[in-house]
Amino acid sequence: MIIPKTREQIELIRESAQIVSKTLGMLATEIKPGVTTLHLDQLAETFIRDHGAVPGFLGLYDFPNSLCMSPNAQVVHGIPNDKPLEEGEIISIDCGALKNGYYGDHAYTFPVGKVSEEVEKLLTITKESLYIGMREFKAGNRVGDVGYAIQKYTEDHGYGVVRELVGHGLGAKMHESPEMPNYGRRGRGKKFVEGMVVAIEPMINLGTKRIKQLSDGWTILTADNKPSAHFEHDVALIDGKPELLSTFSYIYEALGIESKEEDEFREKTL
């Protein structure tokens, strides 16, 4: 059952989402060759707690860490470890925070130093597909409209769209209804309602859409061991339109990147 949120609840979710955004921004300049994902995880946990929240993933379904750290062919749910990052790799960082009873949850895939043009394009197209999907999160549309938009855009570039892992509703629980697949058919699925909050998160593979799981019970990776990209935003349906609760702006500020990609989804102020 979809649980619409009041404006006050949406603001609480926004606060948690912004803590996640700031955490990712803090990590942006720490991601470099030689750094371990376990070190980044420890930095994130301290940062989240210093901002009055608790890590949303730590202990959730018995997950052992604060961040899901998924390099290269790992799609999602990678467990931080002591293996140093290497030049030319990519690393998906999925982060959650819980404050005042509500969750924030979003993700960004970072290059480690300079990556190949092929991988750079995968990152670009996957992130673009996130915003293409978000535009379909509006009054009158359904879950399938978002999934179709993401699927068409990424498959038109020859990429594989993961089927088994999906976005989700967000609120007092990390995972609420509805599920938000990155594939689908127009006009199908649950209808969007005013006040709902979702996490939209394309998980797009350079090669096959097929995945496999490691024996750790968590880590998901591509079946052909080709790279995978993952970007995620928290979005509320307000006045019939998608409004961003999370942001990549702290990442861009840290890395000196100028971007207007979020402007159409920001809260409108007079």
For every helix of n ≥ 4 consecutive DSSP H residues, a contribution of -39,500 (n - 2.57) applies; sum these over the chain, divide by its total residues, and give [θ] at 222 nm rounded to the nearest 500 deg cm²/dmol. -9000 deg cm²/dmol
Please check which bits of segment 101-132 a label hung off A254 would reach, taking the label as a point 7 Å along Cα-to-C-beta and the cut-off as backbone N under 12 Å. 108-111
Cα lying deepest toward the dipole's positive end in the chain, options L43, S92, L244, charges on Cβ: L244
Given N residues in segment 129-204, what is its alpha carbon radius of gyration divided by 2.2 N^0.38 Å? 1.01
Approximate spin-label separation N100-T6, in nm, with each point projected 7 Å along Cα-to-Cβ: 1.2 nm
Taking the radius of gyration and the Kirkwood hydrodynamic radius from Cα positions alone, what is the Rg/Rh ratio for segment 97-244, to two decimal places? 0.97
For E194 and E87 in one chain, what is 0.36 nm times their gap in residues minus the Cα-Cα distance, to one decimal in nm? 34.1 nm
Between the alpha-carbon centers of segment 179-207 and segment 151-178, tell me the distance in whole angstrom. 5 Å
Among the GluC sites (Glu not before Pro) in segment 7-49, which ones are in a DSSP loop with at most 14 other Cβ atoms within 10 Å of the Cβ? Mind listing them? E30
Given the pairs K83/K114; K121/K191; K152/K226; K191/K260; K127/K209; K121/K241, which span a C-alpha to C-alpha distance of over 24 angstrom in this model? K121/K191; K191/K260; K121/K241
All alpha-carbon distances of the chain, grouped into 10 Å bins from 0, give the whole-percent distribution 7, 32, 39, 19, 2, 0
Mean separation of Cα contacts under 8 Å, 6 or more apart, over the residue count of the chain: relative contact order %: 23 percent
Measuring from its Cα centre, the chain shows a charge dipole (+1 at each Lys and Arg Cβ, -1 at each Asp and Glu Cβ) which, in debye to the nearest 20, is 920 debye
Sites D239 and E30, calculated FRET efficiency, Cβ-Cβ separation with R0 35 Å, nearest 0.05: 0.40
Residues in segment 109-145 reached by a label modelled at D156 [backbone nitrogen below 15 Å; 7 Å Cα→Cβ]: 125-136
Provide the per-residue ³J(HN,Hα) series for segment 62-71, in order, calculated from phi with Karplus coefficients 6.51, -1.76, 1.60 and θ = phi - 60°, each as a whole number of Hz, with x at glycine and proline positions. 6, 5, x, 9, 8, 10, 8, 10, 10, x
Test of understanding: what is the full-extension gain from E117 to R210, defined as 0.36 nm times their sequence separation minus their Cα-Cα distance? 31.2 nm
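A short reminder: the numbers here are calculations on the coordinates, not readings from a lab. What you see is a predicted model, and the numbers here were worked out from it, not measured in a lab. Using ideal geometry, Cβ is built from the backbone for each residue, glycine included, and neighbour counts are taken over all protein chains shown.
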